[in-house]
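The values are calculated or read from the model by the stated rules, or taken from the named source; none is laboratory data. Computed from a predicted model, the values in this text were never measured in an experiment. Here the Cβ positions follow ideal geometry from the backbone for every residue, glycine too, while neighbour counts run over all protein chains shown. Ligands, DNA and RNA are excluded from the accessible area calculation, which covers all protein heavy atoms including side chains. Shrake-Rupley method; radii C 1.70, N 1.55, O 1.52, S 1.80 Å.
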Amino acid sequence: QLGGHVNPAVSLAMVVLGKLPLKKFPVYVAAQFLGAFAGSCAVFCLYYGAFANFADGKQIVVGENATAGIFASYPREDLSLLNGFIDQVIGTGALVLCILAIVDKKNIGAPKGMEPLVIGLSILAIGVSMALNCGYPINPARDLGPRLFTAMAGWGLEVFRAGNGWWWVPVVGPMVGGVAGAVIYFLMIELHHPELEKNLEDDNSIKDKYELNTVN
């Protein structure tokens with residue numbers, strides 16, 4: 001069972017660790033982006049009246065009456081692209097580390113059936129501690145999918161120009177952070193799991209061979 005990632009960064013991390021076949025990665029990513037795009041469309045349709053009445057119906061990307069931030073992330077005025085990139089790498093890396101620790105069967109993870117709740121609480125903790133800079137997107141699909149929708153729904157290409165071309169940061173940053181988190185978990189934790197069952201099987205195999213040689 002591969003689980004429901006709903007995040008390309010998590011899917012890429014699973015590919016790096018060999019937990020998700022590479023051939024399925026594009027399918028997962030396409031579904032994630034389509035889901036985020038469809039979700040944005042649903043939100044826009046549900047609150048169409050509110051959008052039409054707010055700020056005289058103007059679809060503003062940045063500023064006091066901006067509404068584009070409802071769908072995608074935009075940085076604070078004092079946040080540089082480099083600072084934002086590091087923010088996303090750290091945030092997504094932390095997310096992947098938490099997920100791997102929770103679902104790792106060789107680790108003392110969450111009680112069975114409680115994994116989604118604990119992962120949700122992990123995301124909440126990341127949001128509470130790291131949302132100030134840009135709203136903690138930590139998911140390329142939930143940011144780029146809705147951004148594409150807003151570009152088509154009336155906000156225009158300004159959604160890509162805003163924040164000194166900010167749009168690529170919440171796409172590339174999480175992918176890098178996801179891989180970094182996966183590598184750190186593998187090197188620091190997964191690589192050091194005791195293989196008790198394997199060692200026991202090896203000992204039994206050696207013992208059987210010894211007894212067979214003794215009989216012969």
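Comparing Leu95, Leu82, Leu34 in a Gaussian network model of the chain where C-alpha atoms under 10 Å apart are linked, the largest mean-square fluctuation is found at Leu82.
In the context of the full set of protein chains, residues of segment 89-136 present 58 Å² of accessible surface per residue (probe radius 1.4 Å, heavy atoms only).
Quick one: grab the alpha carbon gyration tensor of segment 31-99, order the square roots of its eigenvalues as a ≥ b ≥ c, and give me rounded if a/c is under 1.5, else prolate or oblate depending on whether a/b is larger than b/c. It comes out oblate by the Cα gyration axes.
Note on segment 4-22 and segment 64-93: Cα centroid distance 24 Å, given to the nearest whole angstrom. Of the accessible area of the chain, computed with a 1.4 Å probe over protein heavy atoms only, carbon and sulfur atoms account for 65 percent. Charge dipole of segment 1-95 (Cα centre as origin; +1 on each Lys and Arg Cβ, -1 on each Asp and Glu Cβ, all else neutral): 580 debye, rounded to the nearest 20. Where the centre of each part is set by its Cα atoms, how far does segment 140-191 sit from segment 35-62, in angstrom? Cα centroid to Cα centroid, the span is 21 Å. Compared with the alpha-carbon gap, the fully stretched path from Leu124 to Asp56 is longer by 21.1 nm at 0.36 nm per residue. Taking θ as phi - 60° and the Karplus parameters 6.51, -1.76 and 1.60, the scalar couplings of segment 89-96 work out to 5, 5, x, 6, x, 5, 4, 5 Hz in sequence order, x denoting glycine and proline. When the chain is treated as a Gaussian network with alpha carbon springs shorter than 10 Å, the biggest mean-square fluctuation among Ala72, Ala131, Ala153 belongs to Ala153. On full extension, the segment bounded by Ala30 and Leu17 gains 2.6 nm, given 0.36 nm per residue less the C-alpha separation. Look at (i) 52; (ii) 82; (iii) 38: the one that is percent of Cα pairs over 29 Å apart derived from this structure is (iii). For the chain, modelled as a GNM with alpha-carbon contacts under 10 angstrom, which of Ala68, Ala36, Ala162 fluctuates the most? Comparing Ala68, Ala36, Ala162 in a Gaussian network model of the chain, the most mobile one is Ala162. Calculated FRET efficiency, Leu132 to Val6, Cβ-Cβ distance, R0 = 25 Å: about 0.55 to the nearest 0.05. Maximal additional length on extending the Glu77-Tyr47 stretch stands at 8.0 nm, based on 0.36 nm per residue less the C-alpha distance.
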